[in-house]
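Take a look at the structure set out below.
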Amino acid sequence: MHSNAYVLFLNGGYGVGKSAVLEHVGDLLAAAGQPFSLMDVDWFHRSWPSGDDDPDNVQTAAINMAAVWTNYRRVGPRQLVVSGVLATAADRHRYTEALALPVRSVRLEAGPAVTETRLRGRCPDARPDALQWHLERYETLAAQLAKADLDEYVIATDNLTPAAVARRVTEHFGLPAAPSGPQSGSATRSTG
């Protein structure tokens, strides 16, 4: 069985496909019989107002993730796969401490045209402020991530499906994954 003594972190800026790839990595691991848990950092810090000592809710997210990871581990050993943003060494350290595992990251990238198309697709017309916020910041974040260079592998997602990116991720980390083809379906994706 694969050693899962690290966090596989899907790192990247806005609109590069982290959340979609996270789901597909789960599909591949499930199809291969590899126990796993998935976490999208975005869902662990969405709370308002934030504390004065944690204006971006980053500490809150780490504490929340640590609690959930404790619950997942009670079921048995598993590969933890996280999607989020590692922009600084302090980010990596925070997750390493909270999850009590080393963090190994792969960075997903996409060019401006693809990123903007994806961002427009995920921000409905009813949320124009959210779209504008992301459009104004995605290039700066992408440059920051590239400069930080915290990742052991970088994948350009522009011309790849999320499933193809997920397969590259599992291959890079030597994770068991079902063979390509129709049999590797949607073991973790809901249809509702």
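We did not get these values from a lab; they are worked out from the coordinates using the rules stated. Given the structure is predicted, the values throughout are model-derived calculations rather than measurements. FYI the Cβ positions are ideal-geometry reconstructions off the backbone, even for glycines, and counts take in every protein chain you see.
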Task: Relative contact order (%) - criterion: Cα under 8 Å, at least six apart; region: region 1-88 - done: 50 percent
- [ ] Classify region 1-148 as rounded, prolate or oblate from the Cα gyration tensor: take a ≥ b ≥ c as the square roots of its eigenvalues, call it rounded if a/c is under 1.5, otherwise prolate when a/b beats b/c and oblate if not.
- [x] prolate
Task: Built amide H within the under 5 Å cut-off of SER37, gap 5+ - done: GLN79, LEU80, VAL81
TODO: Would you please give the FRET efficiency between LYS147 and ASP42, computed as 1/(1 + (r/R0)^6) with r the Cβ-Cβ distance and R0 = 30 Å, to the nearest 0.05?
DONE: 0.85
Task: Gyration tensor (alpha-carbon) shape descriptor, region 30-100, a/c threshold 1.5 - done: prolate
Task: Contour minus Cα-Cα distance for GLN132 and GLU171 (0.36 nm per residue) - done: 10.5 nm
Task: Cleavage-rule hits, trypsin sites (Lys or Arg not before Pro), region 68-115, DSSP coil, Cβ neighbours within 10 Å at most 16 - done: ARG78
Task: Difference of contour (0.36 nm per residue) and Cα-Cα distance, THR88 to LEU101 - done: 2.9 nm
